[in-house]
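One structure is given below, encoded as structure tokens.
The values are calculated or read from the model by the stated rules, or taken from the named source; none is laboratory data. Note that the structure is predicted; figures quoted are calculated from it, not measured. So basically every Cβ, Gly included, is an ideal-geometry build from the backbone, and we count neighbours across all protein chains shown. When the accessible area is computed, the model is the full protein with side chains, heavy atoms only, and any ligands, DNA or RNA have been set aside. Shrake-Rupley method; radii C 1.70, N 1.55, O 1.52, S 1.80 Å.
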Amino acid sequence: MTILTLRAPMAGWCSGLDEVPDPVFAEKMAGDGVAIEPTAGAVHAPCDGEVVAMKGAKHAVTIRTASGEEVLIHVGIDTVQLEGAGFAWAVAPGQHVKSGDLLLRFDLDLVARRAKSAVTPVLVVNGGEVRRANRDALVAVGDFLAEIEIAAPAAKAAANDEVAPSSRREARRHFGVPFEHGLHARPAALVAAALKPFDAEVSIHAQGRNANARSTTAMMALGVRCGDTIEVVAVGAQAEEAVSVLATLLALPQAPALPSAPERRKAAVTEKTLVGVIACRGIAIGRATPWSHAEIAVDEAGRGAAEESEALKLALARVRAHLVDLASKASGDQNAILSAHVELVDDPDLHQRASNAIARGKSAGHAWRGATRTTSNALDALDDPRMRERAADLRDLENQVLRVLIGKPPASTRELPHGSILLADELLPSQLASLDRTRIAGIVMARGGATSHVAIIAASLGIPALVAAGPGVLEVAEGTHLILDAENGRLDIDPAPEARTAMQGAQSERAKQEATDRERALEPGATKDGTKIAVYANLGSAGDARTAVVHGAEGCGLLRTEFLFLDRREPPGEDEQVRAYQEIATAMQGRPLTIRTMDIGGDKPIAYLPLPREENPALGLRGVRTSLWKPGLLRTQLRAILRVSPASQVRILLPMVTDVEDVRVVREMIDDVRSELGVEASPPLGVMIETPASAMLADQLVEVADFLSIGTNDLSQYTLAMDRGHPELASRLDAMHPAVLRLIAVAADAAQGAGKEVAVCGSLGSDVAAIPILVGLGVHEVSVVPTSIPRIKRTLRSHDLASCKALAHEALEQKSAAAVRKLTGGAR
């Protein structure tokens, strides 16, 4: 037995492999080791050795020690899909290096944005077990990482030429490589793991080269791509069995060459795998349940205007009652969508179109279909994908009314088998809402979009879902075993039993990790040395609030109220708003609730408040400017907020503030409304810091506001002059840019000087890498995506205030966002 000591090859936060979001690494199929979440974009040698050639694998590097151990450093998860972009090697294959020598540089910002995760496994791939490791700690390059216990090679029972002829059986078979990115780390590790139980020497031959099929790095070094033909050769007592088990992984004998990577992303990777757009993340294992509905035939000619009008009236009434009933049993987003469908049933334009057709002698069914399709076809023709997805709502309504007209219930009813993965061209919202959630494991649709209403309902129900997966979805036979990987946008059709077992294991491990996080999720947010940092949630519905409470939210730092104002013909009344806010306040169970007044205008226009034409809406009537331009809407909203009980639970937040006078005007309006309602105490009034102007005026704003909340999304956009919706600039828009961090520091210093609290409610608050910097800058509260709360609290517990301040100070001195993300802990 020998001990291999590894030094940290990069700066970052250490953890066990079980925290890597990939079962191949988490379950140690590729070998034992440690994971690092990098804070810098450089990889150094963890030990002395030789750089192993790995053809085409720029995202990973292997060092072979003098005694033959192979240490793999795999930068990020699913980074193979970057195809080398952002990676630059500093060494050549075969080069001998010393511990600490630079091996490669990579663009950490690019990896963080485009890969599944930046977490980097560092492991010994050809045998060994971690005896001691540096976990849950920040390391610098060269710090102690782990001790790996290497077992002495077992003596062979006999030399190959002494083995009995019966045990020297040979098996050969050709396969086409089905993996999208070839034999990279994950599939290579799966191959090696699958061979462990078998007594056979197995090699893979490709392009005139061969590799030991039990060595992950040897297989990666072949540079085999998707669609390449390989030959598997096994020799030994269980040669046939070894080849057979690989047949379950390499399932395409003589696979033809596949299209280019962009084309593959639009179509199936193989005939056994479909790729779609993720609508709701998660993993499901079940059987295919195709879902289809034939178009309902209707007669064109009517039987008289009076009879047809009455039939349509009764059908609409029944559908309306059905939708009201469904909405009454739903909550959150599902309730809002079904309530919107109720409004759609009452749409006067649809009624008028149908009535006109009936007056021309058409049947109720023909008239209704014509009315809905005229509108849905118009929406389908728009460039706005969100509007095209609304066309599905009209098709849903058309279908329900036509079903009633032919004597059927509004929604299709069907008893699903347990563990059903629904496969449909298009599943309609009312259909999903009518089905038994407990029997649905997942949903895959050939069409649709991630913001469609059925996708939103699936997400609210926690059902893993893919959309836009293509027509191949409709060709899967009922009862086929499926693995729906909605973490990576894949549907695996009829996977091997071993693959299903492995995925079940991954599900189990994921559940254990989430359970461990949730066990401590209800603890208050605090640093290692006890500094209190409140961890709140960003909310958009009562459903979000319930999710937030379960995940340990200490309050709501941002309730977006736009859900009440958008997608409707008239503004919500005071009572409707009171009901909505009260439901959310009740769901928060007494925790603080920060209600942001309507942030309308710019990218969120509303039909009943026509704004003047603007060359640049982002710099026009937005946020509180819009509210003060039409103060009637704001006054109604403030009245509704002040009626929420208990009053002590509520805070008010004003968006897009750039002028002290605006805050004074709103405060006066609040005082007037309090007087009207007989409310004694005024709720705390905060302002959002979303522009360089508001950040630089923070010392004046805290004189008229009770707290500050920094919206890093808009603050980054306005500071860096980059539209966050611009496809060419989105990857460069990073709130970790030192210019943005300096503005955050200015606002935090102003709040601290005035004895006021400062929060961050933008996406930077959900960025684990940013948490210690924000704490070091003086942020007292972060408001984040509800499901990220347990991880954020875990991150806080691993830092102390002094180290956070030191890191923040260093971050402010950097020259770019990339430099901030590459910071090491060496100086601390």
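Quick look at the values:
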item: Number of positions in the stretch 71-83 that are over 22 Å from Gly12 (Cα atoms) and either buried (at least 21 other Cβ atoms within 10 Å of the Cβ) or of a type outside the set (Asp, Glu) (or both); result: 1
item: Strands (runs of 3 or more DSSP E) enclosed by the stretch 34-106 - at least 3 residues per element that are in contact (Cβ under 8 Å) with a residue 40 or more places away in the chain; result: 42-44, 49-52, 60-64, 70-74, 102-106
item: Some residue of the stretch 540-556 being at pLDDT 90 or above and polar (S, T, N, Q); result: no
item: Which listed residue, of Ala35, Ala115, Ala40, is open to solvent by less than 20 Å² (accessible area, probe 1.4 Å), touching a helix residue (DSSP H, G or I) at 6+ places or on another chain (Cβ under 6 Å) and at pLDDT below 90; result: Ala115
item: Odd one out for Ala251 among (1) hydrophobic (A, V, I, L, M, F, W, C); (2) at pLDDT below 85; (3) surrounded by fewer than 14 Cβ atoms within 10 Å (Cβ to Cβ); result: (3)
item: Hits in the stretch 773-803 - residues which are free of Cβ contacts under 8 Å to residues at least 40 places away in the same chain and part of a strand (DSSP E or B); result: none
item: Residue satisfying all of: in the stretch 793-808; within 27 Å of the chain's Cα centre (by Cα) and farther than 22 Å from Val740 by Cβ; least open to solvent (accessible area, probe 1.4 Å) among these; result: Lys793
item: Which numbered condition Ala515 misses (of (1) out of contact with any Phe, Trp or Tyr (no Cβ under 8 Å at 6 or more places or on another chain); (2) surrounded by 17 or more Cβ atoms within 10 Å (Cβ to Cβ); (3) among the aliphatic types (A, V, I, L, M)); result: (2)
item: Scope the stretch 6-33; condition of a type in the set (Asp, Glu) and part of a loop (DSSP other than H, G, I, E, B); matching residues; result: Asp22, Glu27
item: Among (1) modelled with pLDDT of 90 or more; (2) over 30 Å from Met598 (Cβ atoms); (3) not aliphatic (A, V, I, L, M) - the single one Arg518 does not satisfy; result: (1)
item: Hits in the stretch 50-70 - residues which are open to solvent by 10 Å² or more (accessible area, probe 1.4 Å) and over 33 Å from the mean Cα position of the chain (by Cα); result: Glu50, Val52, Ala53, Arg64, Thr65, Ala66, Ser67, Gly68, Glu69, Glu70
item: Test: residue in the stretch 736-744 that is modelled with pLDDT of 90 or more, farther than 28 Å from Asp544 by Cβ and assigned to a loop (DSSP other than H, G, I, E, B); result: yes
item: Single residue of Glu475, Glu426, Glu415, Glu509 found to be open to solvent by 10 Å² or more (accessible area, probe 1.4 Å) and closer than 27 Å to Ala194 by Cα; result: Glu509
item: For Ala468: the one exception among (1) in contact with a Ser or Thr (Cβ under 6 Å, 6 or more places away or on another chain); (2) buried (at least 17 other Cβ atoms within 10 Å of the Cβ); result: (1)
item: Count of residues meeting criterion [out of contact with any helix residue (DSSP H, G or I) (no Cβ under 8 Å at 6 or more places or on another chain) and crowded, with 16+ Cβ neighbours inside 10 Å] in the stretch 663-689; result: 2
item: Hey, Ser682 among the small types (Gly, Ala, Ser), in contact with a Lys or Arg (Cβ under 7 Å, 6 or more places away or on another chain) and more than 30 Å from Asp767 (Cβ to Cβ) or not; result: yes
item: Subset of the stretch 284-326 that is part of a strand (DSSP E or B) and surrounded by 13 or more Cβ atoms within 10 Å (Cβ to Cβ) - its residue that is nearest to the chain's Cα centre (by Cα); result: Ala284
item: Identity of the residue in the stretch 195-240, part of a helix (DSSP H, G or I) and under 17 Å from Gly182 (Cα atoms), that ends up modelled with the highest pLDDT; result: Met219
item: Odd one out for Arg651 among (1) of a type outside the set (Phe, Trp, Tyr); (2) under 22 Å from Ser709 (Cα atoms); (3) touching a helix residue (DSSP H, G or I) at 6+ places or on another chain (Cβ under 7 Å); (4) in contact (Cβ under 8 Å) with a residue 24 or more places away in the chain; result: (3)
item: Candidate set: the stretch 522-571, residues that are of a type in the set (D, E, K, R) and touching a Phe, Trp or Tyr at 6+ places or on another chain (Cβ under 7 Å); chosen: the one surrounded by the fewest Cβ atoms within 10 Å (Cβ to Cβ); result: Glu570
item: Test: residue in the stretch 442-459 that is farther than 29 Å from Ala367 by Cβ, charged (D, E, K, R) and open to solvent by 20 Å² or more (accessible area, probe 1.4 Å); result: no
item: Within the stretch 14-25, tally of residues that are open to solvent by 10 Å² or more (accessible area, probe 1.4 Å) and either touching a Gly at 6+ places or on another chain (Cβ under 9 Å) or at pLDDT 90 or above (or both); result: 1
item: Output for the stretch 334-359, where each listed residue is open to solvent by 40 Å² or more (accessible area, probe 1.4 Å), at pLDDT 85 or above and either aliphatic (A, V, I, L, M) or touching a strand residue (DSSP E or B) at 6+ places or on another chain (Cβ under 6 Å) (or both); result: Ala359
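Residues are listed down the side, and each one gets a yes or a no for (1) more than 23 Å from the chain's Cα centre (by Cα); (2) free of Cβ contacts under 8 Å to residues at least 60 places away in the same chain:
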{"residue": "Thr516", "(1), (2)": "no, yes"}
{"residue": "Ala526", "(1), (2)": "yes, no"}
{"residue": "Arg560", "(1), (2)": "no, yes"}
{"residue": "Glu570", "(1), (2)": "yes, yes"}
{"residue": "Gln582", "(1), (2)": "yes, no"}
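Yes/no per residue for (1) open to solvent by 20 Å² or more (accessible area, probe 1.4 Å); (2) touching a Ser or Thr at 6+ places or on another chain (Cβ under 7 Å); (3) among the hydrophobic types (A, V, I, L, M, F, W, C):
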| residue | (1), (2), (3) |
| --- | --- |
| Val740 | no, yes, yes |
| Ala751 | no, no, yes |
| Gly755 | yes, no, no |
| Val758 | no, no, yes |
| Asp767 | yes, no, no |
| Ala770 | no, no, yes |
| Leu774 | no, no, yes |
| His780 | yes, no, no |
| Ser783 | no, no, no |
